[in-house]
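Here the structure is laid out as C-alpha cells; the discussion comes afterwards.
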Amino acid sequence: MARSAVGTFAGFATFVVTALLASGISEAAEEQDYVSTVSAWRADREARLNADDGWLTVAGLFFLSEGGNTFGSSPLNDIVLRTGPERAGTFTLHDGVISVQSVPSQSLMINGQNLTDEQLWPYENRDLKIIEIGPLGLFAHYSGNRLAIRMRDRDSELRKTFTGLQWFPIDESYKVKGHYKPHNEPYTLELPNILGDIELFPSSGSITFSIGGEQLTMTAVDAGDQLWFIFRDLTSGNETYPAARFLYADPPDDDGWTVVDFNRAYNPPCAFNPHTTCPLPPLENRLPVRVQAGELDYHGAN
C-alpha cells in the first residue's frame, strides 16, 4: 500500500509539474505572439506613413482667398509649385465651393481624366478629386471653416530624409480593458487643431480603464466601426509628441467592454509635417499618468 501511495503521489507530482511547464510554455508563446502582432502593426504603420499617399508626401497647404487663386511654377502665381507649367490654372473659391479651371486651350489631369474644369469641394461620396502634375497631387482640404488646397509630393524632402519611427518597448501591461459608457445623448466635440481652427467630431460615449492602479476616463470619437481617442499624458513634450497621440479601439462588446492597447498609440501627422492639421485632445483625455507605451516623438535626421 505504501509503495502504491508513493507511486500515486509521484505520478500526481509529475502531472502537476508537466501542467505547470505546459502552462508556462503556453503563456510564453502567447506573449511572443502578442509581441509579433504589435511589431507587425508597427511595421505596417511606418510603411503606410512612407507610402506614395502617406503623410510624408504632404508638402504644402495653401489657404484660399475668395475669388481666383492662380497656381503654377512661376513665382507670379498665388500658389507656387516646385515643378510643372508656369501657369497651370486657377482655383476659385465662391460661397464655400472650390472649383478649378485650366488655362485656356489646355487641360488638367484630374483623377486620370483630362479636364478643363471641375468642382473640388464639396465632393460627393468622399470621391476626392486630385489634380496630378508630375509627382504632385493637389486637392481640396478644410481646417475648421477655412478652405485650402493641400499638396502631395512623392519626391518631398521630408520623405527622402525620413529616418524611421521609434517606440517604447512593447509592454503588455499597457493593453488594458476599458468599459464603454454611452453619453446620455451623443454630442459634438469642438476641438481646436494645431493651427487654432475649431474642428467638429461626433462622440457617443467614453471609456473607463485603469493604468498602474489609477482609474481614468477618455472620451471617444465615433470613427466608423471603431472608437478613436485623441489623448495626451505625462510623457507628452518629453518622450512623446507634445500636442497629442492617437489611438483606435474596437467597438465595445454586448457587455460594454473593449481593449485599449497603448502599445499601438501613434503620433499625428503634425509630429512629422508642418503642412498638416491635427486636433488637440479634450481636457478629459489629458491623462495624469505616464503612458510609457506606443510611439515616441520624431526628431528626424540629426
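Annotations
- Scanning region 71-84 for residues that are surrounded by fewer than 17 Cβ atoms within 10 Å (Cβ to Cβ) and not small (Gly, Ala, Ser) returns Pro75, Leu76, Asp78, Val80, Arg82, Thr83.
- Residue in region 226-237 that is within 24 Å of Thr163 (Cβ to Cβ) and more than 18 Å from the chain's Cα centre (by Cα) present: yes
- Ser173 meets all of the listed conditions (1) within 25 Å of Ala43 (Cα to Cα); (2) in the same structural domain as Ala265 (by TED's automatic domain parsing); (3) surrounded by 12 or more Cβ atoms within 10 Å (Cβ to Cβ) but one, namely (3).
- Every listed requirement among (1) in contact with a helix residue (DSSP H, G or I) (Cβ under 7 Å, 6 or more places away or on another chain); (2) over 13 Å from Pro279 (Cβ atoms); (3) surrounded by 20 or more Cβ atoms within 10 Å (Cβ to Cβ) is met by Thr219 save one, (2).
- Output for region 88-110, where each listed residue is surrounded by fewer than 18 Cβ atoms within 10 Å (Cβ to Cβ), touching a Leu at 6+ places or on another chain (Cβ under 8 Å) and assigned to a loop (DSSP other than H, G, I, E, B): Gly96, Ser107
Results for (1) at negative phi; (2) without any contact (Cβ under 8 Å) to a residue 40 or more places away in the chain, shown as yes or no for each residue.
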site: Pro182; (1), (2): yes, yes
site: Tyr187; (1), (2): yes, yes
site: Asn193; (1), (2): yes, no
site: Glu199; (1), (2): yes, no
site: Ser204; (1), (2): yes, yes
site: Gly213; (1), (2): no, yes
site: Thr217; (1), (2): yes, no
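- Against the criterion of being more than 21 Å from Pro269 (Cβ to Cβ) and more than 19 Å from the chain's Cα centre (by Cα), Pro135 does not qualify.
Residue by residue, here is whether (1) within 25 Å of Tyr123 (Cα to Cα); (2) out of contact with any Gly (no Cβ under 6 Å at 6 or more places or on another chain); (3) modelled with pLDDT of 95 or more; (4) not small (Gly, Ala, Ser) holds:
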residue	(1), (2), (3), (4)
Gly54	yes, yes, yes, no
Thr57	yes, yes, yes, yes
Gly68	yes, yes, yes, no
Pro75	no, yes, yes, yes
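- The listed residue being charged (D, E, K, R) and under 28 Å from Ser39 (Cα atoms), out of Glu199, Glu172, Glu190: Glu172
- Any hit, region 241-257, residues being of a type in the set (Ser, Thr, Tyr), assigned to a strand (DSSP E or B) and surrounded by 19 or more Cβ atoms within 10 Å (Cβ to Cβ): no
- Remark: pairs (first residue in region 136-160, more than 20 Å from Met109 (Cα to Cα); second residue surrounded by fewer than 19 Cβ atoms within 10 Å (Cβ to Cβ) and hydrophobic (A, V, I, L, M, F, W, C); Cβ separation under 7 Å; 6+ apart in sequence or on different chains) = Ser143/Leu195; Gly144/Ile198; Arg146/Phe63.
The values are calculated or read from the model by the stated rules, or taken from the named source; none is laboratory data. What you are looking at is a predicted structure, and each value in this text was computed from that prediction instead of being measured. Quick reminder, even Gly has a Cβ in these numbers, built from the backbone with ideal geometry, and neighbours come from all protein chains shown.
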